[in-house]
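First the structure, in the form of structure tokens, and then the observations on it.
The values are calculated or read from the model by the stated rules, or taken from the named source; none is laboratory data. Predicted, not measured: the structure shown is a model, and the values here were computed from it. Here the Cβ positions follow ideal geometry from the backbone for every residue, glycine too, while neighbour counts run over all protein chains shown. Please note that ligands, DNA and RNA were not included when accessible areas were found on the heavy atoms of the full protein model with its side chains. Shrake-Rupley method; radii C 1.70, N 1.55, O 1.52, S 1.80 Å.
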Amino acid sequence: SKVKTLKPGKSLQKLSLSVGNFIRYWGFRRIHGAIWTQLYLSKTPLSCTELAQKLGLSKALVSPALVELCQYELIQESPAPNEKTKVYEAKENINEVIKHVLKMRELKILKQINQDFSAFKKNEADANHLNKNRVKSLEDMIFSANMMLEIMLAQKDLMNLPMEIEK
């Protein structure tokens, strides 16, 4: 298919919003992915105003998302050109960023599932109204999720994992 030419900055805006759509599957909002993409690809740190302008979104929408991205350690504040304007940049090491998010969220979620499944198994897994094969299948799925997360967190460089698997 033919790639159409867009106004300068328009294709970056479109890409940012596409990444935003993708990142929604990780439990973030579209705006998080869009802001992160803009900051990651920018040579210089950007302010809330600049980000809002580049994304065609309001500052009221961008501002709280910047705070959340800082909390997740996906981005950080940079030394500002003046005292009134805060500027932000994406963290350089994507590998560490992803591992941090996996530890902060997925690991916690899986720990809770493990605890709840153990309690369920102890108390109700043998109930007559339950499908025993599906209880076992659910247990296998939880085990697999734990293993995959452990494998991902054990990698020195997560970004290199797909290339290692392909070999």
Obtain the nm distance between the two label points defined at residue 85 and residue 10 by a simple spin-label model: each point lies 7 Å from its Cα along the Cα-to-C-beta direction. 2.6
Cleavage-rule hits, trypsin sites (Lys or Arg not before Pro), region 47-144, DSSP coil, Cβ neighbours within 10 Å at most 12: 84
Net charge (Lys, Arg +1; Asp, Glu -1) of residues whose beta-carbon lies under 10 Å from that of residue 48, residue 48 excluded, is +1
Starting from the Cα of residue 99, draw a straight line to each of the aspartates and glutamates and keep only those under 18 Å, dropping any in the same chain fewer than 8 residues away. 68, 73, 150, 157, 164
Selection of GluC sites (Glu not before Pro), region 27-94, meeting DSSP coil and at most 11 other Cβ within 10 Å: 83, 92
Between the modelled labels at residue 127 and residue 53 (7 Å from Cα along Cα→Cβ) the distance in nm is 5.9
Filter on 111/136; 14/59; 43/91; 10/86 - keep pairs with C-alpha separation over 20 Å: 10/86
With the other protein chains left in place, how much accessible area per residue, in square angstrom, belongs to the chain at a 1.4 angstrom probe? 72
Dipole of region 50-167 (Lys/Arg Cβ +1, Asp/Glu Cβ -1, origin at the Cα centre): which of 85, 100, 137 lies farthest to the positive side? 137
Given the DSSP H assignment, sum -39500 (n - 2.57) over each helix run of at least 4 residues in the chain and divide by its residue total; what's the result at 222 nm in deg cm²/dmol, nearest 500? -19000 deg cm²/dmol
With +1 at each Lys and Arg Cβ and -1 at each Asp and Glu Cβ, the charge dipole magnitude of the chain around its Cα centre, to the nearest 20 debye, comes out at 760
Just the C-alpha atoms of region 1-99: what Rg/Rh do they give, with Rh taken as the Kirkwood radius? 0.97
Taking region 10-111 and dividing mean pair separation by its residue count, relative contact order in percent (alpha carbons under 8 Å, at least six apart): 21
May I ask for the percentage of alpha-carbon pairs in the chain that lie more than 30 Å from each other? 37
Amide H to amide H under 5 Å from residue 91: which residues, 5+ apart in sequence or cross-chain, H placed 1.01 Å off N in plane? 75, 76
Give me the number: length gained by fully extending residue 24 to residue 166, i.e. 0.36 nm times residue separation minus the C-alpha to C-alpha distance, one decimal in nm. 48.5 nm
